[in-house]
Amino acid sequence: MMASQDASLLPTKRAIFNLVNYVLSLVVIGAPYLFEQAGVVPALGLYLLYLVLMTTTAGWLCRAVEVAGRSSGRWPVAGLRELVEVIAGRGVFEGIVALAFFLDLYGTLVMCVTVLANHLALLLPALPWLTLSTLKFLLLPVLVSISSLPFHQLSITSFFGTSCALGIVAVLLIDGFSNPTQPGSILDPSPVRLWPSNDGWGGAWGSLAIAVGVAVTTTSGHSGLPVQYMLLKDRRKNYGVWLSTSFGTAVAVLCVCGSTGYLMFGDAVEEAITQNLFAMKENRVINSIITIFVAIIPMTTFPLYLEPLAADTEAALLRLFASYPAPSRRRGRKQQIVGQLNETTPLLVDEAESGDVVEDGATGQGSSATSSSVADTPPAPRFLTRALLRALLATLAVATSISLPSFINLVALLGALVTAVTAVIVPTGCFLALARTSSPIRAGLVENDDYIIVGSWELAVAWGVMLLGSGLAVFGTVGTVGRIWNA
């Protein structure tokens, strides 16, 4: 059993590839558009700000996942929505978080389908019957097949996806230095702005609001963190390096890609930098390569976004429609959660870090909380149910992409509000709900007892992050709505 778990838990380097691919995904092609909207100085400032915010809130989220539900037998949680339910209970707030979580991940799935189909259409020969909608429909079996891969094996595809994202930056640099004249040249750069232009929600304020929505979307990766964190080997020891390296690498790539693309095309930069490169007469071969890269990235990230959404949806369905009684013992609860994810999502708890030993029946002998879950999970047909659930979510994403081929304003609005909720407000709120300042009265508390022991300064920082994240979410939402209204 231990050998099987060790094989499925990810070492830090492989986990970094997963998270970098999860964060970068498709958004690297939109980084130059953020620079065009906000100007160079605000764009760099936003990326640096959200690098600090996202790394900090991701760390708080991991610490909350580590302790939440231990005393009540609900540990480990299966997803972000269940984490909120364990901490705050079922209610309006939990429902809002569940909706935000669903929209965040589901919107990204739709974006994956749209970007994949748009770039494949550029590579394939023009045929009268091969419309964009037909192409999306033909992609459905491919997406379903990729989504059936076990989660711990996705680090291989994540390595490929991360390499493609870095390849996009490399091709941009090659294009820029090989082209002697503008547009599309670094040697003869296009005019750029340090600050946004004009006034009003249709000008500078609206541009900054759009930039906030794009920035929070391009730097977040929190919706899938609970699953990825539990898959990390020696997670308590390595999660800090894992998060800082992953988010730091992703933001560095975004800054290089954004600044280079904006320098090459100036205010003529499109929402996706590939659209500008397609219009260039030079370097046709290289620009075809970047198209292939952009087409590959959605195929590698689609299962990474689908998995936490499917796991959380399955957990909710089990609570509503389970035909077997929920186990009453703490050990049974842990086995149930780990077991229900193990067959397609190996959410395995590292036995060396489980943090507790529970009583096994009447004997009182210690037993690991991660022992075999066969006795506590129904025998059939769980695997088929999970496969159908993932196929259904993939089908809905394709159908939505066909119905809404262009949803730029919707993505900006969801990024400013929904992603801000799942990436900043919810992780910080969970951390604050579990945080306890150290004092003589609480000297006996440890983090395994459903508490996170913090200093007063960290508590103050958390409240500051909550206020700042909420303010940026309101500004981005109001500004995006104003921009749409004045369009």
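A short reminder: the numbers here are calculations on the coordinates, not readings from a lab. Just so it is clear, the model here is predicted, and its values are computed rather than measured. Counting neighbours? That spans all protein chains shown, and the Cβs are built from the backbone with ideal geometry, glycine included.
See the values below:
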quantity	calculated
Using a Förster distance of 35 Å, the FRET efficiency for residue 187-residue 241 (Cβ separation, nearest 0.05)	0.35
Cβ-based exposure ranking for 419, 131, in which fewest neighbours within 10 Å come first	131, 419
Amide H within-cut-off set for residue 270, under 5 Å, with H built and near neighbours excluded	276
Karplus 3J(HN,Hα) series, Hz, for segment 94-111 with 6.51 cos²θ - 1.76 cosθ + 1.60 (x for Gly, Pro)	5, x, 5, 5, 4, 5, 4, 4, 5, 5, 4, 6, 5, x, 5, 4, 4, 5
Global form of segment 159-287, assessed from the alpha-carbon gyration tensor, a/c cut-off 1.5	oblate
Taking 87, 425, 484 and counting other C-beta atoms within 10 Å, the order from fewest to most	484, 425, 87
Pair residue 279, residue 142: separation of 7 Å Cα→Cβ label points (nm)	2.7
For 205, 485, 129, order by how many other beta-carbon atoms lie within 10 Å, fewest first	129, 485, 205
Extension gain (nm, one decimal) between residue 403 and residue 433, 0.36 nm per residue minus Cα-Cα	6.8 nm
Peptide ranges 303-316, 283-296 listed from the most packed, as the mean C-beta count within 10 angstrom indicates	303-316, 283-296
For segment 21-150: rounded, prolate or oblate by the Cα gyration tensor [a/c cutoff 1.5]	oblate
Residues whose placed amide H lies under 5 Å from that of residue 435, excluding near-sequence neighbours	452
In nm, spacing of pseudo-spin labels at residue 134 and residue 384 (7 Å Cα→C-beta vector)	3.5
Theoretical FRET efficiency, 1/(1+(r/R0)^6), r = Cβ-Cβ of residue 194 and residue 474, R0 41 Å, to 0.05	0.95
From phi via Karplus (6.51, -1.76, 1.60), per-residue ³J(HN,Hα) for segment 229-237 in Hz, x at Gly/Pro	5, 5, 8, 6, 6, 6, 4, 5, 7
Gyration tensor (alpha-carbon) shape descriptor, segment 9-56, a/c threshold 1.5	oblate
Amide H partners (placed H, <5 Å) of residue 232, local residues excluded	10
Length gained when the stretch residue 127-residue 316 is fully extended (0.36 nm per residue, less Cα-Cα span)	63.7 nm
Under Karplus coefficients 6.51, -1.76 and 1.60, residue-wise ³J(HN,Hα) of segment 128-134 in Hz, glycine/proline x	x, 8, 8, 7, 5, 5, 5
